[in-house]
Every structure is written in C-alpha cells, then in structure tokens.
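Asker: Take this structure, written in structure tokens, and hold onto it; I'll ask about it next.
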Amino acid sequence: MAGRWGRGPFLSCALATVAVGAGWTFDERTAAEVAEPGAVTGRIVVAGGQVRFAGDPPAGAEIDMSADAYCRDQHDETLMDRPVRVDPDGGLADVLVRIVNAPAAGTAPDAEALLDQEGCLYTPRAVAVRVGQPLVIRNSDATLHNVRVVPASNPGFNLGQPLRGIQSTRSFETPEVGIQVRCDIHGWMTASIHVLEHEFFDITGEDGTFTLPTLPPGDYDVEAWHPTLGTVSERVSVTAGETPSLTLEFSSG
Amino acid sequence: MTAPDDRLSGLRVCFAAGLVVLASTLASLSTPQSLAGAQAAQGAPDGMALYEAGCASCHGSDGRGAAADRIAFDDPLPDLTDCSFASREPDADWIIVSKAGGPVRGFSDVMPAFGEAFDDNQLQAVMDHIRTFCTDRAWPRGELNLPRPLFTEKAYPEDEWVWTTSANAEGPGAIVNELLYEKRFGSRNQVEIALPFGFAEDSSTPASRDGGPASDWGIGLGDIEIGYKRALLHNLQTIFSFGTEVKLPTGDSERGIGSAEFQIEPFLALGQILPGDAFIHLQAGGGLLSRGHREFAGTAEHDEDVREAFFHAVFGRTFTSGEFGRSWSPMVEVLGSTHLTGGARTQWDLVPQMQVTLNTRQHVMLNVGVRFPLTDADVRSTQFLVYFLWDWFDGGLFDGW
C-alpha cells in the first residue's frame, strides 16, 4: 500500500498497535520524553482504523474475458467485477483515507509507487502518491493494455503497453483525488490514482483497515473516498494521552 | 523597347529548365517503388508482428477495425484498407500519432501513445505494414501533399476550402477575395470551383490616376473559375499532374475585378520532395482563347485577343516547432507570364510567403505573402496576400484545435 511515508521512528510502535486493534493510540514513548506539567507536545500515532460498509454490497457482474484469450486463460474461475469489495466482516477495500487539514507537507519521497496490470486486472485497484512522487505503471501481461488516465487537474495521458514487462513512469504535480484509470480494450479494468500533498493518507486493504502516520495533537478532518460510494468524513480531536477509535462507515443507501 | 522575341526569351529559358526537371523526374516515376519501404532488410523490425502486438486488438489484424464486442470504447475505428483514408497523410503524421497518442494531432484520446513501447524504427516498421492494407497504388501518398503556395497550383489533388484575399499596396485600390472549393474524386482526380469577388477603385478617375484619394469604389463579382486536375504519375518523391481551368466571363472589368473574358488555361504541375523537408512546385501552362488576363485587380493590362503563357516555380521548406508542434513553411514563388500575341511585355513577380498550420490537427492553415512586381513595377502594384485554408476531409473547421 502507498502512503506510508515519513513515519519516522514510530513505525514499529504503530504496527504493534494495529495488531492489538483499531483505534487512535497515544505514543507513550514520545509523551514520556516530553512530559512536563502543562505541556502537551507529544505526537500521536494514528495506529489504525477501519472503513466499513453497512448493508449488503451491490452484486457484481461477471467479467467476460472471452474477447482476449490471454486474459481468459489467466483465471481458472470466472471473475466478478465488484466495484464495492467488502470482506465478510464488513471491511471495505480500495478506500482512500486521508487527513483533509493535515500539517504542512514534507518532501515527497523518491520511492516509486506501482500500478501493475496482472492477469488483466489492475493491482492495486487504488494507488495513492505524493505530489511529484514517481508512479510506475507496468504491464505484467503478455497482451496489449492501454492505460488511459483521465485527471481533472493534472495532464492526462494514455499509454499503449503492448508487451509484457513494459513500464512507464509518471508523476503528478497537482493534488487530486480519484483520477480515473481504465483500459479501453478490457472494459472491466478500472483503477484510481490519488495525488496528495502530504503523507497523512492510506488505502484500505482487503479488510478495510488503514494506517496513518503520526500526527501532532489537534483537530483533524478524516475523509474516506470510494470511487462509487463517494465520501464520508469525520472530525477527530487528537490529544495527548487519549486513544480515540475511528470507524468510517459507508452505506448502500 | 524590347523586341517581342527578346521579351519571350526569359520565359523560354524557364520553360526549358522546367522541362529538364520534368524529364528527369518522369524517368524516375516510371520505375515502380515498394511502398512498404525497406522492411525486408536483414535485422529490421518485424512490422507485422509489432502491429499484431500493439495495434490489432483495436484496428484488427486486417486493418478494418475490431468488432465492437471486442473493445470497450465507442469511438469509430478507421478502415485502414480504405485507400481514400489511408493514403492521405504522410508516414510522419501517422508515426507522430502512434508515438504520442491521438491528442497530439487533435484526434481521440482513445488512441494511446506507443512512444515508450516502440522505438522509431519499430514504429516505422509498423507504418510500413499499415501501408500494405491499401493495395491500390493509384492513390498518391500524403507525403506529396506539399504546402500550398499562394499562386501556383499544386500537383496533388485535394479536398479543401481556401479563402484568399489580396490588397494593392499602391496605385488603384483593390481588395479582392477568392473562395475556392476543391473536391477529390477517385484516386487521382480533383474538381474545383472558385468564386472571386471584391472591392476596387475605378482606375479611370483622375484622382486615382494621380495617386490622390480614392473617389470611386465599387463591389463586384470576378471571373468564376471551374477546374479539373488529374495526377498522371507519382512515386514517393514526385507527383506530376495535368489540369485545366475555365474562367467564365462573369467579372467586372471596369472595376478591375476579373477580365470578363472567357478563358481556358491548361497546365502541367509538378511537386517534388527534396532532402531536408524542402520541396519545389513547378507549374506551366497557357491561357488559350483569352482576351486579356488579370490574376488580381490592378495588375494586368487591357489587351485583347491575346494568348498567354505562364510559368510558376516555388521553393520552400517546412520547419516544425518542437517534435510535434506547428509547421512553418516559408516559400519563395516566382511568377512569369507573357502574352504570346500582341507584343506585350513578359511580366515577372516574386512572392515570398509563409504558410503556418493553425491547429493541432494541422488541417487549418494560413499563408501570408507579398507579391512584388519585378517588371513594370512603376505601373504594377505590389500586393499583400493572405489565404485561410481548411482541409475539410481531415475534419470539421472547429475540430482538432
């Protein structure tokens, strides 16, 4: 997953907290270092959260890959096109979770993010990058894919990738959520690219969980964005010594 | 005063030079050339295989376009076997679109960019394979569609609207427009009709003759012109055509807009590609059964019962802004004409000009030039000229910007 940049020395602590459960967790180590009467200078690790889907997810449509024998042969079972992917516990995948009013941004990382085409599917279905961060777009299939990227605020492009292993690198200079990516040859192939100006974001995994980097104390607007379900948001007050839990919920209605 | 034979000698030299060029190029035209290029060269990219990998999913292995149920977009796909479509544009434009995607030439953004997947040699190999889909070699290739000069007729048959406006810089005032419509039919043929109209000052008024303020301006219709042209021979560098134009006596000779005489002007035209994006046009012909000639108001004499011969030569070169940008084509045009009867003086003109493509698709263009009289400059006016050209086959006037 993208979005795990600049977490500094608290990564191990954050991951440990994820293992315990979802919620906002106070980083005791940091607080101990700065604990003085009346002073609130600690940093908070947003160790985990979950985006859930309430109700029955929309039924997907069967993907017909018969037009491309290569694509068809990559899958033993018939695939379903599910724009809303929900695990048995209600966790919603492919959601961008971000802090809207995040602190000032640091330098964009040089590390490359990856959007792959494998088995005639985009992997991952959603990818998030920082402004200026390189995004590698790769074709791991031995069939032609085109990658049509249709932004609203950034220049669009459409790459022809006819051979296995071909890859191109692009970056985006303007923050933008929900850039549509599609293949015009294989109509079921869609994905989203998100471009953010800071590092306080993540994409939910298969179980709907996410992890955000450390945040200084303050009031934050947390927003979850899904390509078909839209946006939900919640305001969270982060203070030293508290561990507010955060569950963002979409509904079928 | 120069003797009639001497007056004709300069034009004869030009005709002779033109015939030499024609003879040498016609010799080369008689040798068939493979339109598929050097695909068979050892180690060359396999254009067919590359086409299958990168193009056939949408354009079909046979070039006719994939079935609608095999692709996920609604944009119509061109039939690459249709020579009327496939022959019109040069390799370079096809390769630019293949390399950078449809929007680079104002086409659909469904057409992807393959510039990071295929190198230039591979793209050329794909292009060579695409050229095999049109099997009728009677269609002249788009490479021969050279930039259009202001006066000289191109050898290449076209589908165009051209609006030309000229204005006299001195002498009797005249602003003459010509609206020209050209239509191709079949592989080699073109018909055209031109409608001239404009405003002209009456040159017989004392104020005009003395260079004073204009005193009598009128609006009028010029000599309507109907033409036919056929490409006789062509290869990848040269095209040679025959044509004829018929001018109807609809002009207002008193106003200086047209000659109001019936004229037939047969001509030969040659287009030649030179190295380094340079080119030449040659055109030679005569005005038969004509009784006085005016290409534009205020520049000709009022002779009667004369026959005219003319010779046009153009040299130009095309420059491109950046890799995919606007095309600029500076040209120098030399115009020679003489009346074969009546002892009239041979007239020479020099017309420097610049054609530029206006839109991304490059099917809308502008050409601006000045016609300087080299002979009888004291009585023949310098003219400013501009044309606006729309190659309507390539799309609507407002498409591809």
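Asker: Tell me yes or no: at least one residue of region B:310-323 is of a type in the set (Val, Ile, Thr), within 30 Å of B:Gly106 (Cβ to Cβ), assigned to a loop (DSSP other than H, G, I, E, B) and at pLDDT 95 or above.
Answerer: Scanning region B:310-323, I find at least one residue that is of a type in the set (Val, Ile, Thr), within 30 Å of B:Gly106 (Cβ to Cβ), assigned to a loop (DSSP other than H, G, I, E, B) and at pLDDT 95 or above, so the answer is yes.
Asker: Here's another thing I want to ask about it. Would region B:91-102 turn up any residue that is buried (at least 22 other Cβ atoms within 10 Å of the Cβ), more than 14 Å from chain A (Cβ to nearest Cβ) and in contact with a helix residue (DSSP H, G or I) (Cβ under 8 Å, 6 or more places away or on another chain)?
Answerer: Scanning region B:91-102 turns up no residue that is buried (at least 22 other Cβ atoms within 10 Å of the Cβ), more than 14 Å from chain A (Cβ to nearest Cβ) and in contact with a helix residue (DSSP H, G or I) (Cβ under 8 Å, 6 or more places away or on another chain).
Asker: Restricting to region A:59-73, count the residues that are surrounded by fewer than 17 Cβ atoms within 10 Å (Cβ to Cβ) and assigned to a loop (DSSP other than H, G, I, E, B).
Answerer: 4
To keep it simple, each residue is scored yes or no on (1) touching a residue at least 60 places away in the same chain (Cβ under 8 Å); (2) farther than 22 Å from A:Ser233 by Cβ.
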{"site": "A:Ala59", "(1), (2)": "no, yes"}
{"site": "A:Ile63", "(1), (2)": "yes, yes"}
{"site": "A:Asp68", "(1), (2)": "yes, yes"}
{"site": "A:Asp73", "(1), (2)": "no, yes"}
{"site": "A:Thr78", "(1), (2)": "no, yes"}
{"site": "A:Val84", "(1), (2)": "yes, no"}
{"site": "A:Pro88", "(1), (2)": "no, yes"}
{"site": "A:Leu92", "(1), (2)": "yes, no"}
{"site": "A:Val97", "(1), (2)": "yes, no"}
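Asker: Continuing with the same structure: Report whether or not B:Ser87 is under 22 Å from B:Leu236 (Cα atoms), under 27 Å from the mean Cα position of the chain (by Cα) and within 13 Å of chain A (Cβ to nearest Cβ).
Answerer: So B:Ser87 does not fit the description; no.
Asker: A further question follows. More than 19 Å from the chain's Cα centre (by Cα), buried (at least 18 other Cβ atoms within 10 Å of the Cβ) and over 20 Å from A:Gly178 (Cα atoms): is that true of A:Met80 in this structure?
Answerer: Criteria not met by A:Met80.
Asker: Now a separate question. Here are A:Thr174, A:Thr169, A:Thr204: which of them is farther than 15 Å from A:Leu121 by Cα, within 11 Å of the chain's Cα centre (by Cα) and of a type in the set (Ser, Thr, Tyr)?
Answerer: Exactly one residue qualifies, and that residue is A:Thr204.
Listed here are the residues, each with its yes/no results for (1) modelled with pLDDT of 85 or more; (2) within 24 Å of A:Val131 (Cβ to Cβ); (3) in contact with a Pro (Cβ under 6 Å, 6 or more places away or on another chain).
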| site | (1), (2), (3) |
| --- | --- |
| A:Glu199 | yes, yes, yes |
| A:Asp207 | yes, no, no |
| A:Pro213 | no, yes, no |
| A:Gly218 | yes, yes, no |
| A:His226 | yes, yes, no |
| A:Gly230 | yes, yes, no |
| A:Ser233 | yes, yes, no |
| A:Gly241 | no, no, no |
| A:Pro244 | no, no, no |
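Asker: Something else: B:Glu182 fails exactly one of the following numbered conditions: (1) buried (at least 19 other Cβ atoms within 10 Å of the Cβ); (2) more than 27 Å from B:Ala278 (Cβ to Cβ); (3) of a type in the set (Asp, Glu). What is the number of that condition?
Answerer: So the condition that B:Glu182 fails would be (2).
Asker: Residue check, A:Tyr122 against (1) assigned to a strand (DSSP E or B); (2) within 27 Å of A:Leu215 (Cα to Cα); (3) not β-branched (Val, Ile, Thr), all met but one. Which one?
Answerer: (2)
Asker: Also: Which strands (runs of 3 or more DSSP E) sit wholly inside region A:136-198 and have at least 1 residues that are touching a residue at least 40 places away in the same chain (Cβ under 8 Å) and more than 7 Å from chain B (Cβ to nearest Cβ)?
Answerer: Once the strands (runs of 3 or more DSSP E) in region A:136-198 are filtered for at least 1 residues that are touching a residue at least 40 places away in the same chain (Cβ under 8 Å) and more than 7 Å from chain B (Cβ to nearest Cβ), what remains is A:145-150, A:167-170, A:176-182, A:190-196.
Asker: Right, next: Which one of B:Asp305, B:Asp399, B:Asp391 is at pLDDT below 95 and within 30 Å of B:Ala100 (Cα to Cα)?
Answerer: Within the list B:Asp305, B:Asp399, B:Asp391, the selection yields B:Asp399.
The values are calculated or read from the model by the stated rules, or taken from the named source; none is laboratory data. In this text the structure is predicted, and so the values were computed from the model without any measurement. Here the Cβ is made from the backbone with ideal geometry for all residues, glycine too, and neighbour counts use every protein chain on show.
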